[in-house]
1. With a ≥ b ≥ c taken as the square roots of the eigenvalues of the C-alpha gyration tensor of segment 109-261, please select rounded if a/c is under 1.5 and otherwise prolate if a/b is larger than b/c or oblate if it is not?
2. For the chain, set up a GNM with springs between Cα atoms under 10 Å and report which of 76, 179, 229 has the largest fluctuation.
3. How large is the accessible surface per residue of the chain, computed with a 1.4 Å probe and reported in Å² as a whole number?
4. What does the charge count near residue 160 come to, summing +1 for each Lys or Arg and -1 for each Asp or Glu among other residues with Cβ under 14 Å from its Cβ?
5. If you place +1 on the Cβ of every Lys and Arg, -1 on the Cβ of every Asp and Glu, and leave all else neutral, what size is the dipole of segment 28-100 about its Cα centre, to the nearest 20 Debye?
6. Mind checking which of 44, 247, 69 has the largest fluctuation in a GNM of the chain, springs on alpha carbons under 10 Å?
7. Report the charge-dipole magnitude of segment 107-182 in Debye, nearest 20, computed about the Cα centre from +1 at each Lys and Arg Cβ and -1 at each Asp and Glu Cβ.
8. Report, to the nearest whole %, how much of the accessible area of the chain belongs to carbon and sulfur atoms, 1.4 Å probe, protein only.
Amino acid sequence: MEVVIVPDADAGGEIIAEAMAGLLRRKPDALLGVATGSTPLPVYRALAAKAAAGDVDVSRARICQLDEYVGLPSGHPESYRSVVLREVVEPLGLDEASFMGPDGSAEDVPAACARYERELAGAGGVDLQLLGIGTDGHIGFNEPCSSLASRTRIKTLTRQTRADNARFFGGDIDQVPHHVITQGIGTILEARHLVLLATGEAKAEAVAQTVEGPLSAMVPASALQTHPHATVVVDEAAASGLKLADYFRATYEAKPHWQGL
């Protein structure tokens, strides 16, 4: 696992956006997996700026969702479909045909989960999956004790995760759904490149457990330790719990420029 320590969130966004742009230059129809929440917004802003400046052609890019609330209509402003369309697809000048995600409003949720697995496989798999991390170490909505081999499925959110997400629902935890569809950890691990972005001191313990702790279902993000191409990008605050922070800085500084992320 490569750890890249950056000064702030914008610097992390720029590094990851350039990795995405480099991928699209090599493979114009690459499938980019995106995450929601506030942490990845600098990535999407930086990638949209590169597209607007003509630094990269995103016209054939494809976008896929990591997870979705169950029970919110697709047009709800806080459904993850709406969020991804608003924050990623539209700023890149793409249309909905370039986008795929699970149907959180389906009557048969298990069937919707299986269908999304088939759609991802039929699209050739995810080329780069951007991930955030919860304060409890979850990725996607794979809460602690999720199977490390899990596939796309319905999950029940912990109260902590619902409290963390209440800010998107006017601060009212009762408005946050109890259930979600999420790519499983096994599904996530099939992406060719995993990039986890974490910022802020609140994420420091989860980052340290992910990078330097044991592989454990109690810290779902620790599954990235088993991936052949996993990158963790953190600001100074999120890196504050890393014992090997100086080593990670030295390693990245000495990295050949051509290697990229």
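1. Working: a/c = 2.04, a/b = 1.27, b/c = 1.61.
Taking the square roots of the gyration eigenvalues as a ≥ b ≥ c, segment 109-261 is oblate.
2. Between 76, 179, 229, it is 76 that shows the largest mean-square fluctuation.
3. Details: 11280 Å² over 261 residues.
Using a 1.4 Å probe on heavy atoms only, each residue of the chain averages 43 Å².
4. On the way: positive: 155, 159, 162, 167, 203; negative: 136, 143, 164, 205.
Residues close to residue 160 contribute a combined charge of +1.
5. Numbers: 6 positive and 10 negative charges, 24 e Å.
Rounded to the nearest 20 debye, it is 120 debye.
6. 247
7. Working: 8 positive and 10 negative charges, 25 e Å.
Result for segment 107-182 is approximately 120 debye, rounded to the nearest 20.
8. Values: 5960 of 11280 Å².
For the chain, the apolar C and S fraction of the accessible surface comes to 53 percent.
The values are calculated or read from the model by the stated rules, or taken from the named source; none is laboratory data. From a predicted model like this one, the values you see are computed outputs, not experimental measurements. Positions of Cβ are generated from backbone atoms using ideal geometry, with glycine treated the same way; all protein chains shown enter the neighbour counts. Note: accessible area is taken over every heavy atom of the protein model, side chains too, but ligands, DNA and RNA are not part of it. Shrake-Rupley method; radii C 1.70, N 1.55, O 1.52, S 1.80 Å.
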